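S.K.: Sending over a structure as structure tokens; questions will come in a sec.
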Amino acid sequence: MNTNLALLLLLAPFLGFLINVFFGKSLGKTVSGIIGTLAVSVSFAVTLYFFSQISASKQAIQIQLFDWIQISNFKVDFGFLLDQLSVLWLLFVTGIGSLIHLYSIRYMHDDEKVHSFFAYLNLFVFFMITLVIGSNLLVMFIGWEGVGLCSYLLIGFWYKNQDFNDAAKKAFIMNRIGDLGLLVGIFIVGMLFNTLDFTALKTIFLTGGIEDKVTMISVAAFALFIGACGKSAQIPLYTWLPDAMAGPTPVSALIHAATMVTAGIFMITRMNFLFDITPDVQAIIAVVGAVTALFAATIGLVQNDIKKVLAYSTVSQLGLMFLALGLGAYEVAVFHVITHAFFKACLFLGSGSVIHALGGEQDMRNMGGLKKAMPITFVTMLIASLAISGVPLFSGFFSKDEILLVAFHHNIPLWVIGSVASIMTAFYMFRLMFLTFFKEFRGTVEQKHHLHESPSLITIPLIVLAIFATVGGLISLPGNSWLNEYLTPILPKLANAEHHLGNTEYMLMAIAVIGGIVGIGLAYAKYIKQNSVPSTDAAITGFSKVLYNKYYIDEIYDAIIVKPINVLSVFFRDKVETSLSALVFGFGKVTNEISYQGKKLQTGSIGLYLFAFVIGLCAIVSYLFLAQ
Amino acid sequence: MNNILNQIGIENYIFLSVILFSIGVFGVLYRRNAIIVFMSIEIMLNAVNLLFVAFSTYHQDAEGQVFVFFSMAVAAAEVAVGLAILVSIFRNLGSITIDNLKNLKG
Amino acid sequence: MNVSLILIILFVGALVTFLSGDKLASKVALFFGLAAAGCSIVLLNHFNLGENISFISQWITKPNVSFALKADGLSLAMVLLTTILTAIITFSSFGNVYKNAKSFYALILFMSFAMVGTFLASDGLLYYIFWELSLIPIYFITLVWGNGDVEERRKAVVKFFIYTLAGSLFMLVAFVYLYQKAGSFLIEDLYKINLSATEQLWIFLAFFLAYAIKIPLIPFHTWQANVYQKAPTVGTMLLSGIMLKMGLYSIIRWQLPLAPAAAHEYKYIFIAIGLAGVIYGSIVALRQRDLKKLLAYSSLAHVGLIAAGTYTLTLDGLRGAVLQMIAHGFVVVGLFYVAEIIFRRYETRVIAEMGGIRTQTPRFTSMFLILVMASISLPATFNFVGEFTVLYSLSQINIWFAVLGGTTIILGAYYMLRMFQHAMLGETNSKVFADVTINEGITLVVIIAVLLFFGMFPKPILDLITPSLEEILNQINRIN
Amino acid sequence: MIHIPDFANATAVQIIFCILAFITLLTAFLTIYSRNPIHSAIYLVICFFSIAGHYLLLNAQFLAIVHIIVYSGAIMILFLFTIMLMNLNEQKEVHKPRITRLGAIVSFCLICLVLIAIFINSKPIVGEYTATGEDYQSIKVLGKILLNEYMVPFEFASILLLVAMIGAVLLSKKEKIEK
């Protein structure tokens, strides 16, 4: 029963993918969209069933399907592990996935290749489910790489534009750098423990006796973390995520905000027992997370592309999650993943709605005053912005506050960095809101003429997500956390952790709230009171130019990695290859030369030949008979 | 029968053959006329044949003579073909001096 | 049931094809190719039932040479690869019209015959003869039916021929030396001789030279790109799909067990050579203009990794290498076929002259993309199974080897996607690109099906090759 | 070791041998030395006859006869005809450089020396043969051996001669001169 249901969970999106690939074109745009949505909804329904089952029984479900890869000291099964963590992840993957599919039916309606869009989306969900429910690291790796492939396909969905293709390629390659790290981590884990199975690994770690392997475990943990960096866009592998905004907006919402980029956090949470015994790596994770949070936030301050702002915001929020992971507060990270999934998906879909209304315009300098034309979009996005800014009672407040709380308990500088990043978040989010929805419309007359609220297929998902963005925080209220309780089987530490709210906590909460309000206030002062609009690209100067150009990180990478490799390639192609080839030909030439010289010996004089023959004969005969 | 070798001695036949053979070699090297070179080759062949027969008698075995018989057949064939070649060379070049035959020069 | 049957089918097939005339030749060749593939599957069945399907008979008394064919799991896996690919390759050529087609198809079958012989032979001299025999057909196929300027083609082909022949001569010398010691060319007898360390080193190097040129490993690869480019696609497929596997197979079957001490002593150097090939090939592939050349260099990178896997001398390394050989055989044939399909329509192999094909043929693009993804070993494709195993074995030797070998994951993605982007994506091309024909579609679908199926269920192949690899590994690890 | 004939006590056979040997060597030398090819041919005939004499001396009558027929008869006629056909005379011989003559003499001496040294140094693998009294070199015996043991080579020899004949005819046929 469970096996079949798990297969249904996994294969429903795959079936949707197949149908859309083979029959999508003949089925028509709406039908293929409905099929795609239904496929994911079926998965969501099955997930709900599993969720209820697991909530009730608190027992993980293990399913073994068949042997996959055989290695000398262990074998890898193709199997599933449905426990609290994976079902939790499945809930929002399939849940938000369904909403975004629904949204896409209308949003992508004008595109000519709707069926392939839904096919890719379904394939993505399929791989994402594989990633989440894989029972061992390698099955997870199938999903891990598979979502990378789908991300590649979807970023480059409008493949006629080579810039988009470049972005897609970049995303894939950056991900692959991380994947290599993950693979190395898998190798070390396999070598050390002779298994890749999560349950078995956990048993090994819990029984202990691994102290002598800690060095190698640290290396493995670091390698796994590199993998997570690639997928979850952390420094130094984050640059693909802003570029990935080249894809259609629902893709950005689903893949690059809510689900795929959280895979790194999922993996680290999955392997929490491994990271727990490697404090050095945890420290690295925390620092990388904090720095990423701040770094991306500063870039986000000055971006003018509405999706780019959201992209850097995503990177920044992911950084905060990694900060939590590095501090060992996995449940907090997971909590933030969930709330972030809601409000960020809502923001992206909202921005999609705006872009849709403006006929493809993404530059905020050409927006403004949309509040009246698009009330639903405005309200939902406002709710999501409040949530992400950490305004009390919205979901983001709880999760972000917990991260900062944990940071404060562990390390004050990290807390400072996190708080500053939060303030910046509030600033740039409201900068976005003010520039987009307030004041006068700054676009062309024609655009103004066409301004309209999006149809209900687009607004319904927005409303649903906004509701969750509001109330999502309820799952882990301070002091009475349903989430912590739910995750206890996964994170054994939680069982004896006590959550009490002291004065420090209240104070920190107050600081965070004030910080958020200060950020909003600054944005208000600048963009409503002073009525300023970001200047044109050429007029940007000073440090904001550096920020606007993303610290020139792309250029630096290009100069120190991509260019040298290409130069090397040309050098190899033109110089090394030809000289190696010449070397081989050299042997031939030398032989030729010897033969040319030797040919001169052949004078053609028979007398000489005979003379040489006789002498030779004599020599041979006398050697044979007389020399002995 | 074999007392002939008792009287003369196999060594003398050997000497005779060797000298005859050497004369043949000398002729091949010394002369430029292809016909004479050919004759020298015949002399060498005969030197060897003679020795065969001598040893055949020495060993009292007929096989040596059989071999000589075959070698004569080969020699006949060789002369026939060889002379035909010479004739055609002569026709083409107008002389049979072997110095003119330098097509093998590399 | 006897294993020599498959050789007979291929040889007779070559003769019959030659006699069947130009019009029928392709179909006759396909028939015999399929018959051979069917026969190898039947043989596999018999083998799995535990029957002895080897064949041995005295061939030459002096020197002591036997006509000995030994079919263990490894050989059978390679034979299956060869026969199935031969059938696929023959079928793939159906869209083209060749002058003197009867000789062309006869040569394909003959080449298949020689390669199957190489994989099966268990007598050193017989193996050597088959090994060299396989050179002759490819020489003519490339020379007569190749593309580009005749003079340049001849230059490339002659270089290839002499180069590989010269390399193989060292192998022959090694075999003769071993024969002096053992008094027989039979592999079992050769295993038994005890060689000193110096002798082993020389034997090892002699074999290495032959195989390094054939595979090819850097820096012996200079013939490869040119020949791949100049050869007709069928020839390129035969070369890259099967022939270079001969070299890799031979490392496992002959080189390592015959000189085990040297292998153990110097394995790091040879792993390093293989890995250098991975990085070098990948980097050179980045900036190739010609599609076939790019694939040639990608092939260089992949076989470098496979060779590194074999020299780890671990079960994982050997097993991964064999898996990767089979997977690479299929994927590279598919990719070269894609190049051919594009060439049939656009008459070009220069990547810059393509582009914008995707709009016109979404189906073809999808199949191409799957092949590209398989070639950069996305999980759930067959290549991943092989590459993962090889990299795992490298990590057992030294984790840095795995990291270096793993750069193929990154660089491979870089050059393949770059190629894919410029060849297929972008603004719609003004030239019309006809959709794939049924023949082309079938060929690609078969290849893709194989890659995906074994990506998820590699167990049958694993079960087939593991016992024989363990046996070989015992020989490699025997104490001298 | 070298058996020097004792002329005082020489038997008739020894004397005949010496005379024949002398004729053989002398005519052989003259064949090479004489300037006129016709003379060479005549000397060669004499040489062949003397060799036939040796065969008779060795009691190989059959071979002697065959030798005379083949060499003195067939081959010499061929030579003579060829010479006459080409109309060769002594003027056609170009002057030989000294180095050639020197080379020829050197190799003559060398090969003499080496061969004699070999034969002197070599040991007979069979000792003195005792006469079995069997007839081994009459025509009858030879014929039996030839047509029993050496049947196949014998037939091959005939094919060889046939081939040689065809070859000779083909080679000496006058080709049409192509313009």
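Just so you know, all these numbers are worked out from the coordinates, no wet-lab data involved. Since the structure is predicted, the reported quantities are computational estimates derived from the model, not experimental observations. Here the Cβ positions follow ideal geometry from the backbone for every residue, glycine too, while neighbour counts run over all protein chains shown.
S.K.: Which of D:86, C:111, C:456 comes first, and how do the rest follow, when ranked by fewest Cβ neighbours within 10 Å?
M.R.: Ordered by Cβ neighbours within 10 Å, fewest first: C:456, D:86, C:111.
S.K.: At 7 Å along the Cα-to-beta-carbon direction for both residue A:2 and residue C:449, put a label point, then send me their distance in nm to one decimal.
M.R.: 3.5
S.K.: Which value, in debye to the nearest 20, describes the size of the charge dipole of the protein assembly as shown about its Cα centre when Lys and Arg Cβ atoms bear +1, Asp and Glu Cβ atoms bear -1, and nothing else is charged?
M.R.: 3260
S.K.: Suppose each label sits 7 Å from its Cα in the direction of the beta carbon; what would the residue D:26-residue A:57 distance come out to in nanometres?
M.R.: So the two model labels end up 12.7 nm from each other.
S.K.: If you don't mind, another one. If you find the alpha carbon centre of the range D:25-83 and of the range A:558-591, how far apart are they in angstrom?
M.R.: 74
S.K.: Percent of alpha carbon pairs in the range C:1-119 separated by more than 21 Å?
M.R.: Distances greater than 21 Å cover 39 percent of the Cα pairs.
S.K.: GluC sites (Glu not before Pro) within the range C:257-354: which are DSSP loop residues with at most 14 other Cβ atoms inside 10 Å?
M.R.: Here the sparse-neighbourhood loop sites are C:347.
S.K.: With runs of 4+ DSSP H residues as the only contributors, calculate the mean residue ellipticity of chain A at 222 nm using -39,500 (n - 2.57) per run, divided by the residue total and rounded to the nearest 500.
M.R.: Taken over chain A, the calculation gives -23000 deg cm²/dmol.
S.K.: Using +1 on the beta carbon of Lys and Arg, -1 on that of Asp and Glu, and nothing else charged, what's the dipole of the range C:125-179 about the Cα centre, debye to 20?
M.R.: The dipole of the range C:125-179 has a size of about 40 debye.
S.K.: Only four residue types carry charge here, +1 at the Cβ of Lys and Arg and -1 at the Cβ of Asp and Glu. Report the dipole size of the range A:278-548 about the Cα centre in Debye, rounded to the nearest 20.
M.R.: The calculation lands at about 800 debye.
S.K.: So what are chain B's ellipsoid semi-axes, whole angstrom, largest first, if each one is the square root of 5 times an eigenvalue of the alpha-carbon gyration tensor?
M.R.: They are 35, 16, 9 Å, listed largest first.
S.K.: May I pose another question? Along the charge dipole of the protein assembly as shown, Cβ charges K/R +1 and D/E -1, which of C:128, C:227, A:292 sits furthest on the positive end?
M.R.: After comparing all options, I get C:227.
S.K.: Step by step: find N for the range A:323-380, compute 2.2 N^0.38 Å, then divide the Cα radius of gyration by it. What's the final number?
M.R.: After normalising by residue count via 2.2 N^0.38 Å, the value is 1.55.
S.K.: Quick check for you: which residues of the range A:1-33 have the amide N under 18 Å from the point 7 Å beyond the Cα of residue A:199 toward its beta carbon?
M.R.: Residues passing the 18 Å test: A:1-7.
S.K.: Now a separate question. Let me see the pair-distance distribution of chain C: every alpha carbon pair, 10 Å bin width, integer percents in order.
M.R.: The percentages, shortest bin first, are 4, 21, 33, 27, 11, 2, 0.
S.K.: Pairs C:102/C:159; A:113/C:27; A:493/C:459; A:75/C:245; A:344/A:526; C:192/C:245: which are spaced more than 28 Å apart, C-alpha to C-alpha?
M.R.: A:113/C:27; A:493/C:459
S.K.: Tell me, A:399, C:66 in order of fewest to most beta-carbon neighbours within 10 Å?
M.R.: Final ranking by Cβ density, sparse to dense: C:66, A:399.
S.K.: Give me the percent of Cα-Cα pairs in the protein assembly as shown that sit more than 48 Å apart, rounded to a whole number.
M.R.: Result: 52 percent of Cα pairs exceed 48 Å.
S.K.: Continuing with this model, one more query. Over the range A:278-548, what is the relative contact order in percent, taking alpha-carbon pairs closer than 8 angstrom and at least six residues apart?
M.R.: 25
S.K.: Using only Cα atoms and rounding to the nearest 10 degrees, what angle (0 to 90) does helix A:2-27 make with the longest principal axis of chain A?
M.R.: 80
S.K.: Roughly what angle does helix A:198-207 make with the longest principal axis of chain A, taking Cα atoms, 0 to 90 degrees, to the nearest 10?
M.R.: Taking Cα atoms only, the helix is inclined about 80 degrees.
S.K.: Relative to the longest principal axis of chain A, what angle (0 to 90°, nearest 10) does the C-alpha long axis of helix A:306-326 take?
M.R.: Here the helix axis deviates by roughly 80 degrees.
S.K.: Less than 14 Å from a label point 7 Å out along the Cα-to-Cβ axis of residue A:442: which backbone N atoms in the range A:326-370 qualify, by residue?
M.R.: A:362-370
S.K.: At 7 Å along the Cα-to-beta-carbon direction for both residue C:46 and residue C:151, put a label point, then send me their distance in nm to one decimal.
M.R.: Once both label points are built, they end up 5.4 nm from each other.
S.K.: Here is a follow-up. Could you give the length gained on full extension between residue A:551 and residue A:619, defined as 0.36 nm per residue of separation minus the Cα-Cα distance, in nm?
M.R.: 16.0 nm
S.K.: Also: What is the Cα coordinate range of the range A:1-150 on the first, second and third principal axes, sorted by size from largest, in whole angstrom?
M.R.: The Cα atoms of the range A:1-150 stretch 52, 38, 23 Å along the principal axes, largest first.
S.K.: Sorting A:571, A:198, C:113 on the 10 Å Cβ count, fewest up front, what's the list?
M.R.: By the 10 Å Cβ count, ascending, the order reads A:571, A:198, C:113.
S.K.: Hey, how many Å between the Cα centroid of the range C:452-480 and the Cα centroid of the range C:352-399?
M.R.: Each part reduced to its Cα centre gives a spacing of 23 Å.
S.K.: So, one more: Of C:70/C:267; C:230/C:293; A:307/A:550, which pairs sit farther than 20 Å apart, going by alpha carbon to alpha carbon?
M.R.: Cα-Cα > 20 Å for C:70/C:267; rest within.
S.K.: Also, quick follow-up: If R₀ is 22 angstrom, what is the calculated FRET efficiency for the pair residue A:571 and residue C:353, using the beta carbon separation as r and rounding to 0.05?
M.R.: FRET efficiency, residue A:571 to residue C:353: 0.35.
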